[in-house]
Amino acid sequence: MPAGLSPELSNTIHLLPAFDPYVVGSTRQLDQISSGPRSAVSRPQGWIAPTLVVDGRIEGVWESSPDGPRITPFGRVSAKVRRALPDDAVIV
């Protein structure tokens, strides 16, 4: 397990809403945004996007659609993450 990652955060996958307090606090620390552009999470005019969080790290953003959440990951999505997402989630 990487240093600084608590056991409680290991093996967790969340779709957090826009302006979630965890995400708002994490945008100050670039290391919490794993591989994607910070601008995808913290947008102009102070908008904080809904995020995909895997093991405590921001791994993508998502948006609501009539068919289910549309997830834009910052990198490869593991089978573990795919299994944990809602059945109607679409990875774009």
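Observations, loosely collected:
To keep it simple, each residue is scored yes or no on (1) within 13 Å of the chain's Cα centre (by Cα); (2) at pLDDT below 95; (3) loosely packed, with under 12 Cβ neighbours inside 10 Å; (4) of a type in the set (A, V, I, L, M, F, W, C).
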| position | (1), (2), (3), (4) |
| --- | --- |
| 7 | no, yes, yes, no |
| 13 | yes, yes, no, yes |
| 20 | yes, yes, no, no |
| 40 | yes, yes, no, yes |
| 46 | no, yes, yes, no |
| 50 | yes, no, no, no |
| 67 | no, yes, yes, no |
| 90 | no, no, no, yes |
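- Test for residue 57: is it open to solvent by 60 Å² or more (accessible area, probe 1.4 Å) and either within 23 Å of residue 26 (Cα to Cα) or not charged (D, E, K, R) (or both): yes
The values are calculated or read from the model by the stated rules, or taken from the named source; none is laboratory data. None of the values given here were measured: they were computed from a predicted structure. Don't worry about glycine lacking a Cβ; one is built from the backbone with ideal geometry, like all the others, and counts go over all protein chains shown. The protein model used for the area step is the full one, side chains on, heavy atoms only, and it has no ligands, DNA or RNA in it. Shrake-Rupley method; radii C 1.70, N 1.55, O 1.52, S 1.80 Å.
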